[in-house]
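Input: a single structure, listed below in structure tokens.
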Amino acid sequence: MARKFLGGLVFLLFPIILQGQAVSPVTPKVASVGIGGYFSYGQTDYGQYHSFGPGAYGDFNYELRHGIGVGAEAEARFLNFHKKSGVYEQNFLIGPRLTYELGSRWIPYGKFLAGGSRFHYPPFISNKVYDYTTFAYGGGMDLKLDRHFTLRPVDFEYQHWDFPPTGLTPWVYSAGVSYRIF
């Protein structure tokens, strides 16, 4: 009888000692993953060309404290800025991002990305595609439309390419929409 009483007491008090608690099924998730697409406009810093083109991005977010989050973003961008001459560039970047939720819908963020970019010169210079190390920093604003869809009305990046002899420093503005997977 004493063993049953002692076993029952341990069973009841063990969660209290460990400070365990049940989590409500309506507790908001602290992590999310989304994928999206956008359209970009930018200045290439190669001559005075302006570029246009589509892109895709994915992001992972983890809420540290109420409203403040950290995460990662990956993107691929395909820009054509002089179709007649065949000049284009592509970016493949990934890196960390920091978010701060304003209210329940607006989420401004800052990011630092690194990766590679490809540049296709005009045919009279070269018919090859060259790869360059690229760093980008920037930020933007996301707007939650509902539980799954997020509008990205503004995303701005300032890039630095390891482009000979002194590098390129293009800027790019993008706008798009994403779908939250979970």
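Which FRET efficiency value, to the nearest 0.05, is calculated for Phe135 and Tyr179 with the Förster distance at 25 angstrom and r the Cβ-Cβ distance? Taking R0 as 25 Å, the efficiency between Phe135 and Tyr179 is 0.35. Three principal axis extents describe the C-alpha atoms of region 38-180; from largest down they are 55, 25, 20 Å.
The numbers here are math on the coordinates, done by the rules we state, and not lab data. Computed from a predicted structure; not experimentally measured. Cβ: placed from backbone, ideal geometry, glycine included. Neighbour counts: every protein chain shown.
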